Amino acid sequence: MKKFILITILTLFVSSLSAQVGQARTLIVKDGQMAKFSEGIAKKTQMYNRSEDSDQYYTFQILSGPNTNNFIRVRWMESIGELDSNSAGADELKYWNKNVVPYYTEGTSRIWTRNANLSYVPEDSSGNLRRVIYYNYKDSGEWDFWRFRQRVRKAMEESGYESAMNVLWCSSGCTGNWVQVRFHHDGFMGQSSDYGEPLQNMIAKYNEIYGEDAYEQDSNSASASLTDDGFRVRHLMFMPDMSSQ
Amino acid sequence: MKQILILLLSLSFSFSYSQLSTRTIEVKSGQMEKFIEMAGKKTKKYNNEEGSARFWTYEILTGSDAGKIWRMRAASSEYMDNWDSNSEESQYWMKNVGPYIKNGSVNGNYMWNYVGEMSHNVDSENQNHVMALIYTYKASGEQDFWRFRERVVAARKAMDTAPKGSMHSVLCSSGCNGNVAIILFEYESFSDQQRYNQEMLPKMIEKYNELFGNDAYEQDGEKVDKALVENGRGRMHLRFIPEASSD
């Protein structure tokens with residue numbers, strides 16, 4: 001057990017040193033301004049954020065929960081050091097201030113660090129729908145939580161699961177140990193299909209690798225590791241027109 | 001009990017059935033009748049045919065959202081993927097119903113799975129008064145919470161005289177904080193609900209104890225109390241509006 005804990009700590013720590021990071025802001029669209037906001041943000045992104053050396057932005061519309069219809073805009077960076085600089089020029093900022101700012105108000109801003117070792121992105125995976133599960137685990141439940149994630153990732157790979165899953169932990173702006181696990185799907189029909197046979201195959205593989213009923217036992221332990229309000233599901237839709245390519 | 005967990009997992013991950021979703025709508029002051037009339041026209045025109053989304057409309061009678069509309073939709077994954085704000089149906093809503101909605105007051109979208117095994121459907125007639133019990137349970141309390149619901153269903157089904165209204169269980173699959181379930185009880189009116197509580201509820205409890213052992217109802221109920229998060233129990237009343245709902 002101690003060995004596992006040590007490995008997990010090292011894995012999380014070492015991977016975070018050079019990990020990809022996303023600064024996610026919630027943008028609350030003002031009443032009746034959706035069309036102008038959408039047009040402004042799409043044009044700005046296409047004009048200023050499509051080249052490789054520009055800042056990279058990814059935009060998602062929120063489909064469920066209290067912020068439904070608003071947006072999460074993520075500045076995606078290869079390391080946290082990029083937050084020290086901003087390649088946006090005066091023209092880009094001016095364009096944003098003139099064509100987007102009048103139509104929204106700022107919500108929360110958080111920094112999320114991607115854990116590459118616990119994420120799974122198979123070749124040719126696709127889909128713009130995200131089913132995002134937010135977890136907040138107790139300090140005492142850290143190992144149960146991460147063991148389950150580590151094993152799920154392994155079972156996905158071994159079972160040939162065809163959709164992507166990204167695991168990010170909140171490195172700033174949260175209270176508690178918040179983690180988001182993002183499942184990619186080809187729309188709601190794709191989600192429906194992913195949670196059929198592929199999920200069953202993944203669970204079977206999990207039990208094959210870690211022992212009979214291991215999936216149920218580990219998922220129960222992971223659930224028990226959460227705080228009382230430490231479980232939330234949201235659906236998001238990736239908006240390609242409003243995002244860097 | 002393991003079976004219950006497996007059932008819930010399979011429901012949570014089963015999206016092939018119709019997905020329920022709910023929104024809260026604030027109607028402009030003095031425009032409720034007009035809203036209901038126009039929402040009804042839209043619903044009867046676009047939401048009664050096979051393959052279309054189905055809508056059920058309620059007025060919220062109590063709580064912080066009292067006076068607002070709670071509109072529930074059942075739609076297939078295909079419908080949800082192909083939803084288009086420029087479709088004839090959407091445009092009709094925006095043109096004819098939109099003017100009666102307070103600006104920007106369509107709040108939140110919450111997705112729900114209907115938990116059929118934990119529901120009791122009867123041929124309800126004129127049961128338009130609804131009491132909704134809203135629970136948030138701890139992950140560790142899942143089994144205790146649903147055991148009680150499963151047993152209530154069994155007891156209701158075993159009663160000599162069936163309740164006149166149905167009992168529906170839905171579990172939040174997206175948009176909620178925590179494990180949120182709503183149990184909807186149908187009655188004719190507040191007095192009918194009171195009558196049920198005085199006459200039928202004791203019979204249901206008796207049947208529950210007969211099926212599951214002496215004092216089982218009380219013991220299981222106490223376990224439910226412990227399964228909930230702090231302040232994890234809410235209640236609101238709704239008025240079902242058939243004229244603004246799918247048939």
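The values are calculated or read from the model by the stated rules, or taken from the named source; none is laboratory data. Worth saying up front: this structure is predicted, and the values here are computed from it rather than measured. Backbone-built Cβ (ideal geometry, glycine too); neighbour counts: all protein chains shown.
If the condition is being of a type in the set (Lys, Arg) and either over 18 Å from A:THR68 (Cβ atoms) or in contact with an Asp or Glu (Cβ under 6 Å, 6 or more places away or on another chain) (or both), then segment A:28-57 contributes A:LYS36, A:LYS43, A:LYS44, A:ARG50. The residues listed here are A:GLN245, A:GLN180; of these, the one that is among the polar types (S, T, N, Q), farther than 28 Å from B:GLY141 by Cβ and touching a residue at least 40 places away in the same chain (Cβ under 8 Å) is A:GLN245. Within segment B:219-236, at least one residue is out of contact with any Asp or Glu (no Cβ under 9 Å at 6 or more places or on another chain), of a type in the set (S, T, N, Q), at pLDDT 95 or above and surrounded by fewer than 18 Cβ atoms within 10 Å (Cβ to Cβ). Per the listing A:GLU162, A:GLU197, the residue uniquely surrounded by fewer than 20 Cβ atoms within 10 Å (Cβ to Cβ), over 30 Å from A:LEU27 (Cβ atoms) and touching a helix residue (DSSP H, G or I) at 6+ places or on another chain (Cβ under 9 Å) is A:GLU162.
Table: residues versus (1) at pLDDT 95 or above; (2) within 21 Å of B:PHE190 (Cα to Cα).
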{"site": "B:GLN31", "(1), (2)": "yes, no"}
{"site": "B:ILE36", "(1), (2)": "yes, no"}
{"site": "B:ALA39", "(1), (2)": "yes, no"}
{"site": "B:GLU49", "(1), (2)": "no, no"}
{"site": "B:GLY63", "(1), (2)": "no, yes"}
{"site": "B:TRP70", "(1), (2)": "yes, yes"}
{"site": "B:ARG73", "(1), (2)": "yes, no"}
{"site": "B:SER76", "(1), (2)": "no, no"}
{"site": "B:TYR79", "(1), (2)": "no, no"}
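Looking only at segment B:221-247, filter to residues that are farther than 15 Å from B:PHE185 by Cα and among the basic types (Lys, Arg); which one of those is nearest to the chain's Cα centre (by Cα)? Result: B:ARG233. Candidates are the residues of segment B:114-137 that are touching a residue at least 12 places away in the same chain (Cβ under 8 Å), in a loop (DSSP other than H, G, I, E, B) and not hydrophobic (A, V, I, L, M, F, W, C); the one that is nearest to the other protein chains (Cβ to nearest Cβ) is B:SER119.
Among the conditions (1) farther than 27 Å from B:SER18 by Cα; (2) modelled with pLDDT under 95, A:ASP218 misses just one, which is (2). With respect to the conditions (1) touching a Ser or Thr at 6+ places or on another chain (Cβ under 7 Å); (2) closer than 15 Å to B:SER174 by Cβ, A:VAL181 falls short on a single one, namely (1).
Selection of segment A:161-179 for residues being within 17 Å of A:LEU129 (Cβ to Cβ) and among the hydroxyl-bearing types (Ser, Thr, Tyr) yields A:TYR161, A:SER163. A search for C-beta distances below 9 Å between a residue of segment A:183-199 that is of a type in the set (Asp, Glu) and any residue that is assigned to a helix (DSSP H, G or I), counting only pairs 6+ apart in sequence or on different chains, returns A:ASP186/A:SER193; A:ASP186/A:ASP194; A:ASP186/B:ASP81.
Of all residues in segment A:39-54, those satisfying the criterion of being more than 17 Å from A:GLY107 (Cβ to Cβ) and crowded, with 17+ Cβ neighbours inside 10 Å are A:GLY40, A:ALA42, A:LYS44, A:THR45, A:TYR48, A:ASN49.
Restricted to segment B:80-102, and to residues that are within 13 Å of chain A (Cβ to nearest Cβ) and in contact with a strand residue (DSSP E or B) (Cβ under 9 Å, 6 or more places away or on another chain), which residue is nearest to A:ASN128 (Cα to Cα)? Looking at residues that are within 13 Å of chain A (Cβ to nearest Cβ) and in contact with a strand residue (DSSP E or B) (Cβ under 9 Å, 6 or more places away or on another chain), I get B:ASP81.
Please determine whether any residue of segment A:214-226 is touching a helix residue (DSSP H, G or I) at 6+ places or on another chain (Cβ under 7 Å) and within 15 Å of A:GLU158 (Cα to Cα).
So in segment A:214-226, the residues touching a helix residue (DSSP H, G or I) at 6+ places or on another chain (Cβ under 7 Å) come out as A:214-215, A:218-219, A:221-226.
Keeping just the survivors that are within 15 Å of A:GLU158 (Cα to Cα) gives A:215.
Yes - at least one qualifying residue is present in segment A:214-226.
The residue that is nearest to the chain's Cα centre (by Cα), counting only those in segment A:138-170 that are within 22 Å of A:GLN20 (Cβ to Cβ) and hydroxyl-bearing (Ser, Thr, Tyr), is A:SER163. Is one or more of the residues making up segment B:202-220 out of contact with any helix residue (DSSP H, G or I) (no Cβ under 6 Å at 6 or more places or on another chain) and either outside the structural domain of B:LYS164 (by TED's automatic domain parsing) or under 29 Å from B:ILE60 (Cβ atoms) (or both)? Within segment B:202-220 (the criterion being out of contact with any helix residue (DSSP H, G or I) (no Cβ under 6 Å at 6 or more places or on another chain) and either outside the structural domain of B:LYS164 (by TED's automatic domain parsing) or under 29 Å from B:ILE60 (Cβ atoms) (or both)), the answer is no, since none of the residues qualifies.
I need the full set of residues from segment A:53-81 which are over 23 Å from B:THR24 (Cβ atoms) and in a loop (DSSP other than H, G, I, E, B), in order please. Before the answer, list the steps.
First pass over segment A:53-81, keeping only residues over 23 Å from B:THR24 (Cβ atoms): A:53-59, A:73-81.
A:ASP53, A:SER54, A:ASP55, A:GLU78, A:SER79, listed by residue number.
Listed by position, the helices (runs of 4 or more DSSP H) inside segment A:130-245 whose residues that are out of contact with any Lys or Arg (no Cβ under 7 Å at 6 or more places or on another chain) and among the polar types (S, T, N, Q) number at least 2 are A:187-194, A:197-210, A:214-224.
Does A:SER64 qualify as being within 14 Å of another protein chain (Cβ to nearest Cβ), in contact with a Gly (Cβ under 6 Å, 6 or more places away or on another chain), in contact (Cβ under 8 Å) with a residue 60 or more places away in the chain and of a type in the set (Gly, Ala, Ser)?
When the stated conditions are applied, A:SER64 passes them.
With the checklist (1) under 13 Å from B:ASP247 (Cβ atoms); (2) in contact with a Ser or Thr (Cβ under 8 Å, 6 or more places away or on another chain) in hand, flag the one item B:GLU49 doesn't pass. Only one criterion in (1) under 13 Å from B:ASP247 (Cβ atoms); (2) in contact with a Ser or Thr (Cβ under 8 Å, 6 or more places away or on another chain) is unmet by B:GLU49, namely (2).
The residue of segment B:160-175 that is nearest to B:ASN113 (Cα to Cα), among those that are within 14 Å of chain A (Cβ to nearest Cβ) and in contact with a Lys or Arg (Cβ under 7 Å, 6 or more places away or on another chain), is B:SER174.
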